[in-house]
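This report concerns only the one structure given below.
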Amino acid sequence: MTIVAGVERIDRESNAVIEGRKHAEAFGEDLHVVHVLSQSAFRDLEQDSLSDTGKTVPVDDIRAYAKEMAADVASRTTDDYEAVGLVGDAGDELVRYAEEQDASYICVGGRRRSAVGKALFGSVTQDVLLNADCPVVTHVRPEKKE
């Protein structure tokens, strides 16, 4: 069995990875750290490549790039993980991947959006919470005070 931790490339230290590692150790499971590159980011990379080289970027290269992002985030927290790169809608792809892996848990981060909406999650987290067949662990990061 597997624990799936979804990360964003902007994560310096990922609470999803921290929680995923705790669960993986507690249950003796593997930790898969997943970064999903959005279709719009894929199109941007594709456009840049066409402009620079006149060639498209193979989707396997894009997945490898996303995998590197997952590894970069995960390596700041743990050294025992498998990095995975996917392309598409982040919520859908995380849920699909977790189902394929028969994951025990999905760990995702969340953000407080405003003083009024302190309990609200980001759209990816909401998608995962609403659509996953397995339990979802999330950690809501407090708002940064200025």
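The values are calculated or read from the model by the stated rules, or taken from the named source; none is laboratory data. Just so it is clear, the structure is predicted and the values come from calculations on it, not from any experiment. Note that each Cβ is placed from the backbone with ideal geometry, even for glycine, and that neighbours are counted across all protein chains shown.
Looking across Gln101, Gln126, one residue alone is at pLDDT 90 or above and either under 14 Å from the mean Cα position of the chain (by Cα) or surrounded by 14 or more Cβ atoms within 10 Å (Cβ to Cβ) (or both). It is Gln101. When residues of region 88-98 are filtered for being buried (at least 19 other Cβ atoms within 10 Å of the Cβ) and either touching a helix residue (DSSP H, G or I) at 6+ places or on another chain (Cβ under 7 Å) or within 18 Å of Arg9 (Cβ to Cβ) (or both), how many remain? Count: 6.
Within region 31-66, the set of residues being basic (Lys, Arg), exposed (fewer than 14 other Cβ atoms within 10 Å of the Cβ) and assigned to a helix (DSSP H, G or I) comprises Arg43 only. Looking across region 48-69 at every residue that is farther than 24 Å from Gly6 by Cα and among the acidic types (Asp, Glu), the one that is farthest from the chain's Cα centre (by Cα) is identified as Asp52. Per the conditions (1) in contact with a helix residue (DSSP H, G or I) (Cβ under 8 Å, 6 or more places away or on another chain); (2) without any contact (Cβ under 8 Å) to a residue 40 or more places away in the chain, the sole criterion not satisfied by Thr78 is (2). Filter region 1-30 down to residues that are hydrophobic (A, V, I, L, M, F, W, C), within 14 Å of the chain's Cα centre (by Cα) and surrounded by fewer than 24 Cβ atoms within 10 Å (Cβ to Cβ) and give me whichever is modelled with the highest pLDDT. This residue is Ile18.
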